[in-house]
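Asker: The structure follows.
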Amino acid sequence: MTEHSNGHRFHCPAPAIHRRHFLGLGAGAITAAAGFGATAQTQAGKPVPPPPSKPTGQIVVGLYQEPTAFNPLMPGIEVDEDVWMQIFNTMWVADPQGNLIPDLAAEIPSEANGGISEGGLAWKVKLRDGVTWHDGTPFTAEDVKYTLELINTPSFKARTRIGHALVKDIKVTGKNEISWRMERAYAPYLALLSNTYIVPKHILEKASDPNTAPFNNAPVGTGPFKWDKRTPGDNISLVANEKFHGKGPYLERAILKYIPDKTALYAQFRTGQIDITIGGFPENFYQEATKLQGRKVQIVPNASLEIVMPNLEHPALKDKAVRQALYASINKQAIIDAIYYGLHKPTESFAPQESWAYDPNLPKQQYDLAKANKILDEAGWKRSGSGVRMKDGVSLEFAISTTTGAALREQCQQLMQQDWQQIGANVKINNMPGAVLFGEFYTRSKFESLIVGTAFRTVIDPDPASRFASDSIPAKTGNGANQMQWQNAEADKLLKAGQETFDQAKRKEIYWKLQELVREELPILPIFQYVVVEGRKEGLVGYEPNVNARHNTWNMGSWYWAR
């Protein structure tokens, strides 16, 4: 199961893996990442020609889900952003190194340049001049003001109001300048604005209801591509915006093709029906794919983690000693090597390893059943006649759930179940369809434990308050995404401090302390950080993986074919 706000991951069935096979599988060679921009790239050892002087050619992009939400301020799934990133722009974007790069803004506001002042309460943004909407209307600060106000309109079905709800007193102080105040200092707002697409005031303000406006099915933006047409169940066609304010676009047309089965996605990549796979194809095809003629395949990082998520209100799982023992008896490396073909990266942190806030010094988990048994013995969990441990009348029994049909996760469940049995834990597998699992069972913490894939940050900012703060437990407050129901006063203090300062060195110190605390308390049991296997045809220039983007179409406007 992958949390719905990050899209769903579909795993193809794989043969059953037995314990004796664990050490025989590895990752194989990993192809080198492509550089960003034409000048730094080579194709088969030869310099790449410069981009075309005008848009030419087309690309067929394979997506594993069908995009269906085209107003970028409204709720959508992960692949919807493949459309949003082409049609719309944000004020700034994050590059693969995590740097914010101006887009619709002329510069990134900071305390140093005066764009952020009064300890983070006053904001002022200078915008780029000469930008036009796809219909030729000039873009101005009024569009930014309208966008921020629409997000906070109670009747509007906003994708998120996190951070935006703190904004007040928005003022247009010039054609290309806007200011506002924040109710409190909130450093992650810079990151949130890198994922806040600006919409056209002159179109949406005329709609009787923005939730149902015609714009939502025929979007108009400022981005490198314009909306052409949609064939439901098959593809979306985009065409070049030749008046784009940035570099490119260099392609005349982009076809976003919907292929719901990842095995079929790989098959169409192999036969040449699609030019590039976005969101990855199944791990078990990696070795074969690296040998395909005329194809480039590489492993790219992803910020999401595969974790066991315990419900800390469960009578047994609320005991830290139980969580520590369960964690020590997960054979993480065997899971990665045997079930996931050695591709993913083991981790101890909730922060992605590419983040400036990542702490590389956390204690490394060791698979040690003897240690796990000792932890439980010392914590007073005694074995009963059945072999199941008990303490104060509570049995060490719980269920673990994931999506029915997720074959690789089902194998993980079986391995964990076997190991946990050896430490006196009776674990039942309780899987169900995604539509059921993603309902109140997950959102209102009705599960006992889950295998889930999710991220613990605010867009690219390391702030995980919505996942860990005591006031972010949806089963209790109706807000947030702390489905584990973790409550920790020290964590709450650190989370608040991390939001209130804009000093990166101070924030890094805060988030290192938080990572140490989470590693000790184990409100989540991290297994690995995802990587994605993506492939493209040789000759495509400009593709660059970006762990700070939802998908690697983030810079599609700069792609072109080497001829």
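Coordinate-derived values only; no laboratory data. Keep in mind that this is a model prediction, so the values were computed, not measured. Here the Cβ positions follow ideal geometry from the backbone for every residue, glycine too, while neighbour counts run over all protein chains shown.
Asker: Size of the dipole of the chain about the Cα centre, Lys and Arg at +1 and Asp and Glu at -1 on the beta carbon, nothing else charged, in debye to 20? Could the numbers behind the result be given before it?
Answerer: Values: 61 positive and 59 negative charges, 134 e Å.
Dipole about the Cα centre, nearest 20: 640 debye.
Asker: From the P(r) of segment 54-130, can you give the percent of Cα pairs sitting at distances over 13 Å?
Answerer: 76 percent
Asker: Which of 222, 160, 132 comes first, and how do the rest follow, when ranked by fewest Cβ neighbours within 10 Å? Provide the component values of the computation, followed by the final result.
Answerer: Details: 222 26, 160 17, 132 14.
With the sparsest Cβ surroundings first, the list reads 132, 160, 222.
Asker: Taking a ≥ b ≥ c as the square roots of the eigenvalues of the Cα gyration tensor of segment 448-534, is the shape rounded (a/c under 1.5), prolate (a/b larger than b/c) or oblate? It would help to have the intermediate numbers written out before the result.
Answerer: On the way: a/c = 1.58, a/b = 1.12, b/c = 1.41.
Oblate.
Asker: Have a look at the chain and give its Rg and Dmax from the Cα atoms, expressed in angstrom.
Answerer: 24.3, 78
Asker: If you don't mind, another one. Applying a 10 Å radius around every beta-carbon, put 351-358, 134-141 in order of their mean neighbour count, most first.
Answerer: Working: 351-358: 20.0, 134-141: 16.6.
Final packing ranking: 351-358, 134-141.
Asker: Based on the alpha carbon coordinates of segment 312-359, what radius of gyration and maximum Cα-Cα distance (Dmax) apply, in Å?
Answerer: My reading of the Cα-based Rg and Dmax gives 14.0, 37 Å.
Asker: Specify the inter-centroid distance of segment 152-183 and segment 107-130, based on alpha-carbon positions, in whole Å.
Answerer: What the calculation gives is 14 Å, centre to centre.
Asker: Follow-up question, since we're still on this one. I need the fraction of alpha carbon pairs in segment 89-222 separated by more than 24 Å, rounded to a whole percent. List each step's numbers first, then the result.
Answerer: Details: 2365 of 8911 pairs.
Looking at segment 89-222, the distances longer than 24 Å represent 27 percent of pairs.
Asker: While we're here: Where the Cα atoms of segment 182-256 are projected onto their three principal axes, how long is each span, largest first, in whole Å?
Answerer: 44, 35, 26
Asker: Could you sort 484-491, 185-192 so that the peptide with the highest average Cβ count within 10 Å comes first and the rest follow in order?
Answerer: Details: 484-491: 17.5, 185-192: 21.5.
Descending mean neighbour count gives 185-192, 484-491.
Asker: Work out the charge dipole of segment 89-222 with +1 on the Cβ of Lys and Arg and -1 on the Cβ of Asp and Glu about the Cα centre, then indicate which of 203, 162, 217 is farthest towards its positive end.
Answerer: The Cα lying farthest towards the positive end belongs to 162.
Asker: What are the principal axis extents of the Cα atoms in segment 325-408, in Å, biggest first?
Answerer: 46, 35, 20
Asker: Set Lys and Arg Cβ to +1 and Asp and Glu Cβ to -1, take the dipole of segment 387-490 about its Cα centre, and tell me which of 462, 433, 483 lies farthest positive.
Answerer: So the residue furthest toward the plus end is 433.
Asker: Treating only the Cα positions of segment 303-531 as identical point scatterers, give the base-10 log of I(q)/I(0) from the Debye formula at each q in 0.12, 0.13, 0.14 Å⁻¹.
Answerer: -0.65, -0.77, -0.90
Asker: To check my understanding: the extent here is largest minus smallest coordinate of the Cα atoms along each principal axis. What are those three numbers for segment 226-299, in Å, largest first?
Answerer: 42, 29, 18
Asker: Here is a follow-up. According to the square roots a ≥ b ≥ c of the eigenvalues of the Cα gyration tensor, what is the shape class of segment 97-174, taking rounded for a/c under 1.5, prolate for a/b larger than b/c otherwise, and oblate for the remainder?
Answerer: Working: a/c = 1.56, a/b = 1.04, b/c = 1.50.
Judged from the Cα gyration tensor, segment 97-174 comes out oblate (a/c at least 1.5, b/c at or above a/b).
Asker: For residue 103, what residues show an amide H to amide H distance below 5 Å, using hydrogens built from the backbone and excluding near sequence neighbours?
Answerer: Excluding prolines and chain starts, which carry no amide H, the hits are 92, 93.
Asker: Would you work out the charge dipole size for segment 303-531 about its Cα centre, treating the Cβ of every Lys and Arg as +1 and the Cβ of every Asp and Glu as -1, and quote it to the nearest 20 debye? Don't jump to the answer; show the numbers that get you there.
Answerer: Details: 26 positive and 27 negative charges, 62 e Å.
Value, rounded to 20: 300 debye.
Asker: Express the C-alpha Rg of segment 264-410 as a ratio against the empirical globular expectation 2.2 N^0.38 Å, rounded to two decimals.
Answerer: Values: Rg = 20.2 Å, N = 147, 2.2 N^0.38 = 14.7 Å.
Scaled against compact globular proteins, the figure is 1.38.
Asker: Can you put 383, 550, 295 in order of Cβ neighbours within 10 angstrom, beginning with the fewest? Intermediate values should be presented prior to the final figure.
Answerer: Details: 383 15, 550 23, 295 19.
Ordered from fewest to most neighbouring Cβ atoms within 10 Å, 383, 550, 295 come out as 383, 295, 550.
Asker: Could you tell me, in Å, what Rg and Dmax come out for the Cα atoms of segment 373-459?
Answerer: Answer for segment 373-459, Rg first and Dmax second: 15.2, 50 Å.
Asker: On to the next question. Could you name the lysines whose alpha carbon sits less than 29 Å from that of residue 168, not counting residues in the same chain fewer than 8 places away?
Answerer: 124, 126, 145, 157, 201, 206, 476, 493, 496, 506, 508
Asker: Can I ask one more? May I ask for the distance between the Cα centers of segment 433-488 and segment 59-86, given as a whole number of Å?
Answerer: 24 Å
Asker: Name the residue from 274, 172, 119 whose Cα lies farthest towards the positive end of the charge dipole of the chain, charges +1 on Cβ of Lys and Arg and -1 on Cβ of Asp and Glu.
Answerer: The Cα lying farthest towards the positive end belongs to 274.
Asker: Next question. Apply the Karplus curve 6.51 cos²θ - 1.76 cosθ + 1.60, θ = phi - 60°, to the phi angles in segment 218-226 and return the couplings in whole Hz, x for Gly and Pro.
Answerer: 8, x, 10, x, 10, x, x, 10, 10
Asker: Straight-line reach from residue 537: which lysines have a Cα under 18 Å away, not including same-chain ones fewer than 8 places off?
Answerer: Correct list for residue 537: 46, 257, 262, 291, 296.
Asker: Report the far tail of the P(r) of segment 163-295, meaning the percent of Cα-Cα pairs longer than 25 Å. Intermediate values should be presented prior to the final figure.
Answerer: Numbers: 4659 of 8778 pairs.
Counting pairs separated by more than 25 Å, the tail of P(r) holds 53 percent.
Asker: If you don't mind, another one. Taking the Cβ of each residue in 416, 432 as the centre, tally the other Cβ atoms inside 10 Å and list the residues starting with the fewest. If you can, show how the numbers build up before the last one.
Answerer: Details: 416 24, 432 16.
Least to most surrounded, the residues fall as 432, 416.
Asker: Where nothing but the Cβ of Lys and Arg (+1) and of Asp and Glu (-1) is charged, how large is the charge dipole of segment 89-222 around its Cα centre, in debye to the nearest 20?
Answerer: Taking the Cα centre of segment 89-222 as origin, the dipole is about 280 debye.
Asker: Taking segment 365-442, which chymotrypsin sites (Phe, Trp or Tyr not before Pro) meet the DSSP loop condition and have no more than 16 other C-beta atoms within 10 Å? Display every interim value, and only then the final one.
Answerer: Numbers: sites: 367, 381, 398, 420, 438, 441, 442; in loops: 367, 381.
Here the sparse-neighbourhood loop sites are 367.
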